[in-house]
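Everything below concerns the one structure shown next.
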């Protein structure tokens, strides 16, 4: 309490009894407060250390983590902590995660393209890596014009296993992304690749490439964002967390996006869908289970 702190600061000059008598304050109350001073200081030190860890994790996530993910990361480090306590400390110190913003749809359907079935049916889970993949296209604004990004995401691990960036959004863009996933050994035989009905994905060029790589094509319905929600959710996270609205050059945007995907998203960012571990950890855990089973 403020009054007891005042007495404590001036007790050597004026004496506790004299000050309490003059000011009409309860002397026994002061002694109780003083007795618990060390306990309070210890608690304050523990809380300050926790606040330091919270800020460190928040900074490491590029300012994206909110109370829930920070709590999960603290527990991963062996620290027992309550989410409400983390939220209070963040609020008191004005530490806040990033709120996602809406993404810009680039889907342009080719109505003359041959139809393909929906093999996912909004089931964005998979029993093993490489079996079910989803993809989409987004654009990044630069002073030189748009930079287009196509991704391939594994639904088992939520790892971005393939991506491609270019100054165009022709079929070659999505073909390069699926080629990267296949070349990295991230596609199983007879795998499924799911996307929207954008003309790039329904083009003969892309369909022939999938057939060559032993991948079955799956597409959602026209105008339904929920049919490709996993891919669109990734772009919402990307644009919320990368922290830049307009880059000076396409090269700068390309470098930032590469670092964010390869270093942060795949290897550092905790993903709620896979139990608050990273996609990289999810892939390694699956491989370890295979090793034990063998």
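Some observations on this one:
- Top-ranked residue in region 167-184 [being closer than 17 Å to residue 235 by Cα and more than 24 Å from the chain's Cα centre (by Cα); ranked as modelled with the lowest pLDDT]: 169
- Members of region 99-126 that are under 22 Å from the mean Cα position of the chain (by Cα), at pLDDT 65 or above and either over 14 Å from residue 221 (Cβ atoms) or loosely packed, with under 11 Cβ neighbours inside 10 Å (or both): 123, 124, 125, 126
- Residue in region 191-203 that is surrounded by the most Cβ atoms within 10 Å (Cβ to Cβ), counting only those that are modelled with pLDDT of 95 or more and out of contact with any helix residue (DSSP H, G or I) (no Cβ under 8 Å at 6 or more places or on another chain): 191
- Of all residues in region 190-211, exactly one satisfies the criterion of being outside any helix (DSSP H, G or I) and over 30 Å from the mean Cα position of the chain (by Cα), namely 203.
- Count of residues meeting criterion [modelled with pLDDT under 75 and either more than 30 Å from residue 81 (Cβ to Cβ) or surrounded by fewer than 10 Cβ atoms within 10 Å (Cβ to Cβ) (or both)] in region 5-23: 12
- For region 127-167, a tally of residues being within 18 Å of residue 267 (Cα to Cα), in a strand (DSSP E or B) and touching a residue at least 40 places away in the same chain (Cβ under 8 Å) returns 6.
- Checking residue 187 against (1) crowded, with 17+ Cβ neighbours inside 10 Å; (2) in a loop (DSSP other than H, G, I, E, B); (3) under 23 Å from the mean Cα position of the chain (by Cα), the condition it does not meet: (3)
- Pairing residues of region 266-294 that are without any contact (Cβ under 8 Å) to a residue 24 or more places away in the chain with residues that are in a helix (DSSP H, G or I), at Cβ distances under 6 Å and at least 6 apart in sequence or on separate chains, gives 267/280.
- Residue within region 146-157 that is over 22 Å from residue 232 (Cβ atoms) and touching a strand residue (DSSP E or B) at 6+ places or on another chain (Cβ under 9 Å) present: no
- Residues being buried (at least 17 other Cβ atoms within 10 Å of the Cβ), in a strand (DSSP E or B), in contact with a strand residue (DSSP E or B) (Cβ under 9 Å, 6 or more places away or on another chain) and in contact (Cβ under 8 Å) with a residue 40 or more places away in the chain are entirely absent from region 168-178.
- Taken across region 61-70, residues that are in a helix (DSSP H, G or I) and at pLDDT below 75 do not occur at all.
- Of the helices (runs of 4 or more DSSP H) lying entirely inside region 212-294, the ones with 1 or more residues being modelled with pLDDT under 90, surrounded by 15 or more Cβ atoms within 10 Å (Cβ to Cβ) and touching a helix residue (DSSP H, G or I) at 6+ places or on another chain (Cβ under 9 Å) are found at 229-241.
- Of all residues in region 71-97, those satisfying the criterion of being at negative phi, surrounded by fewer than 14 Cβ atoms within 10 Å (Cβ to Cβ) and outside any helix (DSSP H, G or I) are 77, 79, 80, 82, 93, 96.
The values are calculated or read from the model by the stated rules, or taken from the named source; none is laboratory data. The model shown is predicted, which means the values in this text are computed figures rather than measured ones. Note that each Cβ is placed from the backbone with ideal geometry, even for glycine, and that neighbours are counted across all protein chains shown.
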